[in-house]
1. Where does the chain land on Rg(C-alpha)/(2.2 N^0.38 Å)?
2. Taking only Cα atoms and a 10 Å spring cutoff, compute GNM fluctuations for the chain and point out the largest among L30, L11, L134.
3. Taking every DSSP beta bridge that has both residues in the chain, what percent is antiparallel when rounded to the nearest 5?
4. First select every other residue whose beta carbon is under 13 angstrom from the beta carbon of S271; then total the charges, Lys and Arg +1, Asp and Glu -1.
5. Just name one of H227, F212, A298: the one whose Cα is farthest towards the positive end of the charge dipole of region 198-332 (beta-carbon charges, Lys/Arg +1, Asp/Glu -1).
6. Using the Cβ atoms and a cut-off under 11 Å, what net charge is assigned to the surroundings of E63, where Lys and Arg are +1 and Asp and Glu are -1?
7. Once both labels are modelled 7 Å past Cα along the beta-carbon direction, what's the N203-H71 spacing in nm?
8. Using the structure shown, list the pairs from K213/K268; K116/K168; K10/K175; K42/K268 with a Cα-Cα distance above 24 Å, or answer none.
Amino acid sequence: MNNTDSLLDKLAQVAVHIGLGLREGQELILTAPLEAAPLARKITEQAYKAGSSLVTLLYEDDEATLLRFQHAHEASFDQAPRWLLEGMADAFEAGAARLAIVGNDPALLSGQDPQKVARANRARAQAYQRALELITSHHINWSIVAYASPAWARQVFPHDPEPVAVEKLWEAIFKASRLDTPDPVSTWKAHNQALQSRVDYLNQKRYAALHFKGPGTDLVVGLAEGHRWGGGSVQAKNGVVFNPNIPTEEVFTAPHKDRVEGYVRSTKPLSYQGSLIEDIEVRFEKGRVVEAKARRGADVLNRALETDEGARRLGEVALVPHSSPIAQMGLLFYNTLFDENAASHIAFGQAYRECLHGGGQLSSEELAARGANQSLIHIDWMIGSEHLDVDGLTADGRAEPLMRGGAWV
Ligand code: ZN
Ligand code: ZN
């Protein structure tokens, strides 16, 4: 465990210095699954060493979540802790940074009534909307890191005894998060530069659309007007440079909500708020999902799509090469933070303001006019593989190859 202990230290350092870029005197709101206490404490230590004025640590308990679904009164599922989520929004407005440790059981709610799951998610999303807006608009610096909890490890390595599974998952997390190097903070700076050069290339190209072709997929994704590509580190409105996701391999931008045509098939199962959705097949017309199927979890998928009008449209398109370390491990993590970085992906729902030039200043109406989608949900799902080809389509209709067989051209 000593080796894991020193790697946890490294992960905590990367989380605080690269993930958050935490500033002296800045407050931090940290959420973590109960099992992740060892990492949460190390991050707390690093945050105070970096000069944080106050770290507020909130634990989430999967068992307690399950007890609600087993025993709560019917009306419970339209309720959310508004006081807490509003309070978090207040803290972000006042300048607090936000770090989430993920690692909850990916299949926790897969046996529960999908209607209750959807209602609970919707109530929470509504109460969390103001806080989420402050996060997605990069009002403050924020980040997400992972902890190898036993329930998650058992799902990823079902044929191993639990201690072995946990060790294997840690190894995968450390590798994916570039911690298996002597100086992870410098390694991350170099990785951020590599992503930035890809972002610069795509921004200078200003494609009108991307064309995805692969088994079960022939999809044209129009891009929002004045779209901007992003990837790796970003600068928050408070001036802090941070990495929203540890790990991260993607470059991404905003699709045009009315200009998506064709059909697309998922290449990896999606773990969505405790349920698994597999073999998704979706058809788009004029940007809108007109048909959605899934071999497993179709109920959960279709209910998510009914959240609001924007839920049936795309809010993100992202390119990830099949050579990324996460893709090369060939593992299914059942966790979007990792799986979305193993494959090119698209997301139903909310678009990021940062994906539009001047996006931070635009009203809802102006965002919509440029094609940026708005919704209470944002669900990434994976469409990339070693069989995926991607072309960039120019405004005058020329196709330029971007990816062949999942690799950058
Ligand atoms: Zn993404
Ligand atoms: Zn996304």
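1. Taking the Cα Rg and dividing by 2.2 N^0.38 Å, one obtains 0.94.
2. With Cα springs under 10 Å in the chain, the top fluctuation among L30, L11, L134 is at L134.
3. 75
4. -3
5. H227
6. -4
7. Taking the simple label geometry, N203 and H71 are separated by 5.3 nm.
8. Check vs 24 Å cut-off fails for K116/K168; K42/K268.
Values quoted throughout were computed directly from the atomic coordinates according to the rules given, and no laboratory measurement underlies them. Small disclaimer: the values here were computed from a predicted structure and weren't measured. Here Cβ is always computed from backbone atoms with ideal geometry, including for glycine, and neighbour counts include all displayed protein chains.
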